[in-house]
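Readers should treat all values here as calculations from the given coordinates under stated rules, not as data from a laboratory. The model shown is predicted, which means the values in this text are computed figures rather than measured ones. Here the Cβ positions follow ideal geometry from the backbone for every residue, glycine too, while neighbour counts run over all protein chains shown.
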Amino acid sequence: MCGIVGYIGGRTAWPIIVGGLQRLEYRGYDSAGIAVVDDGQIRINKCRGKVSDLRSLVRGQNISGTIGIGHTRWATHGEPNDINAHPHMSMNGKFVVVHNGIIENYRTIKAQLEQKGYAFRSQTDTEVLANLIENIYLEKQISPESAIKAALSISVGAYGLGIICTDQPDRLFAARKGSPLAVGIGQGEYFIASDATPIVEYTDQLVYLEDEQVAVMTTDGISITDLKDTPFDPIITNVDFGTEGIDKGGFDHFMLKEIYEQPNSLADTMRGRIIEQTGTINLSGINEIMPKLVGVNRIIIVACGTSYHAGLVGEYLFEQFARINVEVEYASEFRYRDPIISPEDVVIAISQSGETADTLAAIRLAKQKGATILGICNVVGSSIARETHAGMYTHAGPEIGVASTKAFTSQVVALTMMAILLGRKRGILDDKTYNELTTELRRTPELISEVLKDNDHIREVSRAYQLAQNAIYLGRGYLYPVALEGALKLKEISYIHAEGYPAAEMKHGPIALIDNCMPVFALATHDKHYDKILSNIQEVKARKGQVIAIVSRGDTEIARIADYVIEIPECHEALMPMIAVVPLQLISYHIAVMRGCNVDQPRNLAKSVTVE
Ligand code: F6R
């Protein structure tokens with residue numbers, strides 16, 4: 001989604017802002033722009049295309065100003081072009097605005113401004129907001145800060161904003177509602193950004209603005225107030241990752257780096273939560289609500305995309321280990337369905353970014369109805385993390401590749417720890433099973449490392465399917481959500497149409513698609529479904545489909561009939577999703593690279609989906 005970067009301080013602003021926008025490229029965008037106060041004038045450069053195009057445009061213009069704002073745009077209102085790109089300047093040139101989010105009542109505001117003689121260059125809601133601020137400022141003769149607050153008070157929707165006013169060119173304004181905005185605190189300098197990644201190069205001290213807060217920064221200091229002028233002390237968070245966490249570290253793509261990081265990210269999610277000496281699980285983030293969790297009759301999991309697939313694994317885990325009834329819902333459906341929720345329910349929101357608009361709306365709805373809300377988020381200080389009653393950070397580190405990989409395995413291990421702990425506390429798991437499970441859990445990083453060693457073979461298998469137009473993924477039990485996730489990974493980065501199915505469902509329709517051009521990725525490890533999935537594979541082969549089977553190490557039976565096998569180490573079936581997903585991530589990655597696709601920034605996709 002769109003990205004914001006802003007700077008005020010003693011250094012030349014544009015390289016900091018353009019560099020920051022480059023760090024935000026992973027979020028997905030179609031155009032980029034920058035505005036810098038230079039010699040009392042505001043100079044705007046913007047273009048459709050990449051941040052590197054913007055850099056070429058700005059470089060050589062000798063812009064030495066030390067205050068500026070920049071933006072990467074992911075089109076919502078109006079097509080991606082130079083005019084719709086941000087920043088947007090108000091008609092009389094008083095305000096320049098970059099904006100993430102959507103002003104829902106922009107049409108009404110635009111009509112009112114048009115009656116007052118305002119004309120608009122772009123099709124964006126952001127230009128409407130810039131003009132609304134200016135109109136209030138000029139009509140009411142109030143300060144720029146008050147005009148911004150007055151305009152935001154009548155704007156409906158979501159915003160993360162960076163604003164400059166030509167009448168106060170020594171100030172940088174920022175505001176947020178619904179769309180995240182972080183302020184980095186340096187020595188006599190401030191940075192704003194839609195997430196921490198562009199800022200960590202300069203400072204580890206961050207302030208995450210709350211909804212309806214406005215920050216005003218000069219080189220002398222910062223003030224934070226809400227729309228009614230109530231002041232707030234900045235709450236400073238120390239971020240625990242530097243730029244090494246957001247560089248490619250020698251890999252060709254962030255996605256590959258993040259796939260390879262999984263042994264570490266999984267260990268990081270478990271760190272301090274499975275006690276080394278005793279093997280017991282301690283989840284301090286949910287201790288407070290443990291009595292409620294132990295007695296709960298129903299858990300509702302809400303999430304989107306890959307996080308939803310992790311939630312589906314959670315359903316199997318909570319049912320098997322803790323005997324709790326679980327419903328897993330797409331957050332976008334749940335929020336509009338008038339769902340039946342009571343104060344007895346526990347709702348778990350799963351989100352890597354912690355900013356997904358639908359998931360956020362779903363938890364707000366459940367909260368209104370009195371449910372207890374738990375969050376499983378990766379981004380510290382994110383909106384979902386802040387709006388939940390309790391929860392766990394996954395601590396997987398920044399995920400930059402748009403396709404989610406390490407976030408998935410970390411979410412699953414977080415859910416696994418939760419389910420095992422609840423199973424123990426509810427008296428479902430005896431000591432022996434509990435200990436066996438925690439011992440096995442601690443082995444998962446090592447098992448993933450083993451899968452990664454097979455990367456060359458996986459790449460060769462992938463080569464055979466680089467020209468495929470369709471693919472089917474089959475799994476049963478714990479591996480059914482993994483089949484869904486494998487299909488999502490393939491379609492989103494290689495643009496091959498792919499479907500995930502519970503293997504037994506194949507004969508109820510999808511089997512009609514099988515012919516000698518159809519690759520079928522079958523998850524067929526040694527578990528209680530083995531014989532059944534073997535039969536499904538035979539059904540595919542009988543129709544001349546191509547079978548690529550993910551099997552347990554040493555399997556010979558499936559090797560005899562499948563076209564290719566990828567062996568993975570054995571482990572408890574409940575932990576297998578974390579291991580079995582890895583070859584599927586690698587297959588998608590290799591196929592996408594072979595097809596020349598932009599792996600880290602697939603077309604039309606955004607990393608953090610902050611609009612519904
Ligand atoms: C897929 C992917 C998306 C996200 C989804 C939810 O690779 O990245 O499907 O999983 O947009 O995002 P979060 O987890 O940030 O709520």
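Hey, what D do you get for segment 444-512 in µm²/s if you plug the Kirkwood alpha-carbon radius into Stokes-Einstein at 4 °C and 1.567 mPa s?
Using the Kirkwood radius from Cα pairs, D works out to 97 µm²/s.
Using bins 10 angstrom wide from zero, how does P(r) for segment 58-108 break down, in % of all Cα pairs?
The percentages, shortest bin first, are 19, 48, 27, 7, 0.
Among the listed pairs Lys46/Lys177; Lys257/Lys528; Lys177/Lys367; Lys292/Lys528; Lys110/Lys491; Lys228/Lys292, which have their C-alpha atoms separated by more than 28 angstrom in this model?
Lys257/Lys528; Lys292/Lys528; Lys110/Lys491; Lys228/Lys292
For Lys507, list the lysines whose Cα falls under 17 Å from its own Cα; do not include residues on the same chain fewer than 8 positions away.
Lys532, Lys541, Lys544
Looking at the P(r) of segment 328-423, how many percent of alpha-carbon pairs lie beyond 16 Å?
54 percent
Please work out the Cα center distance from segment 38-70 to segment 348-364, rounded to the nearest Å.
One Cα centre to the other: 35 Å.
Taking square-rooted eigenvalues a ≥ b ≥ c of the alpha carbon gyration tensor, is segment 206-357 rounded, prolate or oblate, where a/c under 1.5 means rounded and, failing that, a/b exceeding b/c means prolate?
Oblate is the answer for segment 206-357, as a/c is 1.5 or above yet b/c matches or exceeds a/b.
Could you tell me what fraction of 2.2 N^0.38 Å the Cα radius of gyration of segment 503-609 comes to, as a two-decimal ratio?
Rounded to two decimals, the normalised Rg is 1.19.
What does the C-alpha gyration tensor say about the overall shape of segment 380-464? Classify as rounded when a/c is under 1.5, otherwise prolate if a/b is larger than b/c, or oblate.
Oblate is the answer for segment 380-464, as a/c is 1.5 or above yet b/c matches or exceeds a/b.
Which order do the peptides 587-593, 362-368 take when ranked by the mean count of other beta-carbon atoms within 10 Å per residue, highest first? Show your work: numbers first, answer last.
Working: 587-593: 25.6, 362-368: 19.3.
Going by the mean number of other Cβ atoms within 10 Å, highest first, we get 587-593, 362-368.
Which of rounded, prolate, oblate describes segment 18-107, given a ≥ b ≥ c as roots of the alpha-carbon gyration tensor eigenvalues and a/c under 1.5 marking rounded, otherwise prolate only if a/b is larger than b/c?
Since a/c reaches 1.5 but b/c is at least a/b, the shape of segment 18-107 is classed as oblate.
Taking only Cα atoms of segment 149-235, what ratio of Rg to Rh do you get with Rh as the Kirkwood inverse-distance radius?
Here Rg/Rh amounts to 0.94.
Take every Cα-Cα pair in segment 8-55 and report what % of them are more than 17 Å apart.
33 percent
Sorted from largest to smallest, which semi-axis lengths in Å does the alpha carbon gyration tensor of segment 72-152 give for its equivalent ellipsoid, taking the root of 5 times each eigenvalue?
Semi-axes from the Cα gyration tensor: 20, 13, 11 Å.
If you average 1/r over all unlike Cα pairs in segment 372-417 and invert the result, what Kirkwood radius do you get in angstrom?
Its Kirkwood hydrodynamic radius stands at 11.0 Å.
In a shell of Cβ-Cβ distance under 14 Å around His526, excluding His526 itself, what net charge do Lys and Arg (+1) and Asp and Glu (-1) give?
-3
To one decimal place, what orientation-averaged projected area in nm² is obtained for the convex hull of the Cα set of segment 68-221?
Mean orientational projected area (segment 68-221, Cα hull): 8.6 nm².
Sorted from largest to smallest, which semi-axis lengths in Å does the alpha carbon gyration tensor of segment 1-157 give for its equivalent ellipsoid, taking the root of 5 times each eigenvalue?
Taking √(5λ) for each Cα gyration eigenvalue gives 25, 18, 13 Å.
Out of all DSSP beta bridges in the chain, what portion is antiparallel? Express it as a percent rounded to 5. Write down the numbers at each step before the final one.
On the way: 63 of 104 bridges.
Expressed as a percentage, antiparallel bridges in the chain total about 60.
How far is helix 431-452 tilted, in degrees, relative to the longest principal axis of the Cα atoms in the chain, given as a value from 0 to 90 rounded to the nearest 10?
Taking the Cα atoms of the chain, the angle to 431-452 is about 70 degrees.
In terms of the ratio Rg/(2.2 N^0.38 Å) built on C-alpha atoms, what value belongs to segment 454-493?
On the way: Rg = 11.4 Å, N = 40, 2.2 N^0.38 = 8.9 Å.
Normalised Cα radius of gyration, segment 454-493: 1.27.
Restricting the calculation to Cα positions, tell me the Rg (one decimal) and the Dmax (whole number) of the chain in Å.
25.5, 81
Which whole-number percent is the relative contact order of the chain (Cα, under 8 Å, 6+ apart)?
This gives 12 percent for the chain.
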